[in-house]
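To start, the structure itself, in structure tokens.
Just so you know, all these numbers are worked out from the coordinates, no wet-lab data involved. Small disclaimer: the values here were computed from a predicted structure and weren't measured. A quick note on method: Cβ atoms are made from the backbone with ideal geometry, for glycine too, and the neighbour counts reach across all protein chains shown.
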Amino acid sequence: MTPIELRCLPTKLQKKHQSSTSGGLIARLGVDKRCKGQGFGEWLLIDALAKLLSASDSVAFPVIIVEAKDGLKHFYEKYGFTAFKDDESKLFITIADVRESLSEL
């Protein structure tokens, strides 16, 4: 879990989740350079999102947050993450979007 600044989310989400103070955090997600480009990053992300989705059923947080290292912002955006207003390297995706995406797999 990590604290969230609601003011840094889009207005629609601020209104919807007024009482929320935290989100799920993907702290470290990485693939060895020797395995780059083989799809392992995608599988790690899907696994992390599935586990956080399950946790959100118990703890009830509205978003999952990741801080993208240099050059990795595009990787997360490809999977539906959006940058916070105040920090382009900090991205989020809503639990609702994760639930919808994982149901399509």
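Only residues that are crowded, with 16+ Cβ neighbours inside 10 Å, touching a helix residue (DSSP H, G or I) at 6+ places or on another chain (Cβ under 8 Å) and of a type in the set (S, T, Y) were counted in region 82-97, giving 1.
Counting just the residues of region 18-43 that are in contact with a strand residue (DSSP E or B) (Cβ under 8 Å, 6 or more places away or on another chain) and either of a type outside the set (G, A, S) or farther than 16 Å from M1 by Cβ (or both), which one comes out surrounded by the fewest Cβ atoms within 10 Å (Cβ to Cβ)? The residue in question is T21. Mind checking which residues of region 78-99 are within 20 Å of E5 (Cα to Cα) and of a type in the set (D, E, K, R)? The answer is K85, D86, D87, E88, K90, D97. Taken across region 70-81, residues that are loosely packed, with under 15 Cβ neighbours inside 10 Å, within 12 Å of the chain's Cα centre (by Cα) and of a type in the set (K, R) do occur, with at least one present. For E67, state whether it is in contact with a strand residue (DSSP E or B) (Cβ under 7 Å, 6 or more places away or on another chain) and under 21 Å from L13 (Cα atoms). When the stated conditions are applied, E67 passes them.
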